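Report on the structure given below.
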Amino acid sequence: MSSSSHLEGLQDAIDDGLTFALVLNPIACAIAFLAFLLAIWYASRKTRLSAFIGVGVSLLAAILTTIAFIIDITAMKIAKKNVEKISDNFSVVYGQTTWMTLGAMILLWFGVFLFCIVGFRGRRQRRKETY
């Protein structure tokens, strides 16, 4: 087998649906940025509406990031298996994207938890002070 046919087989193994699945990473990133902006909005307003919207968007960002991480891991395992079938000269390793997505997922779930505590606990404290 020639070197060019190795590369064509390698490209086919990696390209099958991988690009389509990895589009979720920038979408999750954009929604996480929107959640950040909503957290700033909540910090300035501290209304019930801003808390509900902020927690909802933060939860959506955390769920999408979790799905993106699962897709990253699955895509890497499939690509690694397909590349190993084609040639022993090439290897596939988990890159920065996978680990950055894992870090973002952990921090987003932590942020959702904190946003729930701060957003809804602060509302109860204000009511106690007004009586």
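The apolar share of the surface of region 58-105, taken as the fraction of accessible area on carbon and sulfur atoms (1.4 Å probe, ligands and nucleic acids excluded), comes to 67 percent.
As an exercise, use a Förster radius of 30 Å and the Cβ-Cβ distance of ILE40 and ILE67 to find the FRET efficiency, rounded to the nearest 0.05.
Numbers: r = 25 Å, r/R0 = 0.85.
That gives a FRET efficiency of 0.75.
Projecting the Cα atoms of THR98, ALA62, VAL83 onto the charge dipole of region 45-105 (Cβ charges, centred on the Cα centre) puts ALA62 farthest toward the positive pole.
In the complete set of protein chains, residue-level accessible area for THR65 is approximately 10 Å², probe 1.4 angstrom.
The values are calculated or read from the model by the stated rules, or taken from the named source; none is laboratory data. Everything numeric in this text was worked out from a predicted model, so none of it was measured. Cβ: placed from backbone, ideal geometry, glycine included. Neighbour counts: every protein chain shown. Side chains included, ligands, DNA and RNA excluded: accessible areas come from the protein's heavy atoms. Shrake-Rupley method; radii C 1.70, N 1.55, O 1.52, S 1.80 Å.
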